Structure formats: C-alpha cells, structure tokens
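Worksheet: the structure to be examined is printed underneath.
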Amino acid sequence: MHIDPLEKKWAAIALGIAGLFVTVILASALFHGIHAPSHVETIDSASLHLSAEFAEDKLGIEEGANGNITVRIVAGRYGFYPQDIVLPTETPLTFRLVSQDVIHGVHIPMTNMSTMIVPGYVAEVKTVLHHPGAYPLLCNEYCGMGHAHMWNNIKVIS
Ligand code: CUA
C-alpha cells in the first residue's frame, strides 16, 4: 500500500501531539496525584452528626487566634444549617461545607463565594466579604423538588 510521504509526515505529527498529551497527563498524575488541584478532604456523610467537626453544636462561625473566621455549614435537602449567620467585612473567612445527602451547590450572590458540595468531601472556600448587607446563601445545584427553597441568611456587618 502506498502512502504519500506528506501524509506520513502529518500522521507522525498528529501521533506525536497525541503522545505529548498522554505524557503530560501521566507526568502530572505522577507528580501531583490524580485529582482536581483544589483542596481535597474526605468525610463520612452518613455520620456528620457524630464527627468532631460537623456535629450540630460545632456549626456556624468560629474565630481563630489570628482573627480569621471559619464558617462550618451542613447542607441537606432542603436547607443550610445553621439558618442564620452573621459575618464581618474585611476579615479572612474560610467556609467549610459538607452535604449530608446529595450534591448541593452554594453561592452568595455578588461575591466570589461559590462551590459545589459533594457528599463524602469537605468543600472549602476562602474569601473576604467587602460589602455590608443581607445576602441569601443559595443552593445552585439542582438537588430535588425543594431545591428552589434551599437557602440560608448571611448578614454581613462592618
Ligand atoms: Cu440543594 Cu439545590
């Protein structure tokens, strides 16, 4: 079978590029681990109420020694717990969110606080809120019939 030399050349270039992609994927998996480059931390969604961090009395805000604030929230059909959270402006915030059932999303409109909450994992978002006001913290991932009613109240004060 005759193959035109020009076609051979381009076939070699195409294979070379495909090989390069595979090499880059394998090399990054080898040196960085095979997962998204974000914070990855697992948790047992079925026993959150028994966990050291997400038991009911640990939810809400916790001020660290350095003045930073950690906000712990449990998402479940159809609400975020606790229901009301008051946060200061211009303070480093670390949101730590878990789901007790299905995939939920979380978003505070007009801020960069937005992520997906996957059961079995702790979702972590670090942000600073600049504008005082009342905001809803919304579920932005369809999670069932009550999805549209899934939110809590964030009050930001300066
Ligand atoms: Cu939770 Cu949509």
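Can you give me the number of residues within region 81-126 that are surrounded by fewer than 16 Cβ atoms within 10 Å (Cβ to Cβ), touching a Ser or Thr at 6+ places or on another chain (Cβ under 6 Å) and of a type in the set (A, V, I, L, M, F, W, C)?
0
Looking only at residues in region 107-126 that are in contact with a Leu (Cβ under 6 Å, 6 or more places away or on another chain) and not in a loop (DSSP other than H, G, I, E, B), which one is nearest to the ligand (Cβ to nearest atom)?
Ile117
Kindly indicate whether Leu129 is buried (at least 17 other Cβ atoms within 10 Å of the Cβ), more than 16 Å from the ligand (Cβ to nearest atom) and either in a loop (DSSP other than H, G, I, E, B) or not hydroxyl-bearing (Ser, Thr, Tyr) (or both).
It is true that Leu129 is buried (at least 17 other Cβ atoms within 10 Å of the Cβ), more than 16 Å from the ligand (Cβ to nearest atom) and either in a loop (DSSP other than H, G, I, E, B) or not hydroxyl-bearing (Ser, Thr, Tyr) (or both).
Would you check if there is a residue in region 84-106 being without any contact (Cβ under 8 Å) to a residue 24 or more places away in the chain, more than 16 Å from the ligand (Cβ to nearest atom) and either out of contact with any helix residue (DSSP H, G or I) (no Cβ under 6 Å at 6 or more places or on another chain) or closer than 21 Å to Ile154 by Cα (or both)?
No, because not a single residue in region 84-106 is without any contact (Cβ under 8 Å) to a residue 24 or more places away in the chain, more than 16 Å from the ligand (Cβ to nearest atom) and either out of contact with any helix residue (DSSP H, G or I) (no Cβ under 6 Å at 6 or more places or on another chain) or closer than 21 Å to Ile154 by Cα (or both).
Among the numbered criteria (1) away from the ligand (no atom under 16 Å from the Cβ); (2) buried (at least 18 other Cβ atoms within 10 Å of the Cβ); (3) more than 18 Å from Arg96 (Cβ to Cβ), which single criterion is violated by Met150?
Tallying (1) away from the ligand (no atom under 16 Å from the Cβ); (2) buried (at least 18 other Cβ atoms within 10 Å of the Cβ); (3) more than 18 Å from Arg96 (Cβ to Cβ), Met150 fails exactly one: (1).
Need pairs with beta-carbon distance below 7 Å; first residue within 14 Å of Cys143 (Cα to Cα) and in the same structural domain as Asn152 (by TED's automatic domain parsing) and within region 66-78, second crowded, with 21+ Cβ neighbours inside 10 Å and of a type in the set (Ser, Thr, Tyr); sequence gap 6+ or separate chains.
Going by the 7 Å Cβ cut-off, the qualifying pairs are Ala75/Ser99; Gly76/Ser99.
The values are calculated or read from the model by the stated rules, or taken from the named source; none is laboratory data. These numbers come from a predicted model, not from an experiment. Here the Cβ is made from the backbone with ideal geometry for all residues, glycine too, and neighbour counts use every protein chain on show.
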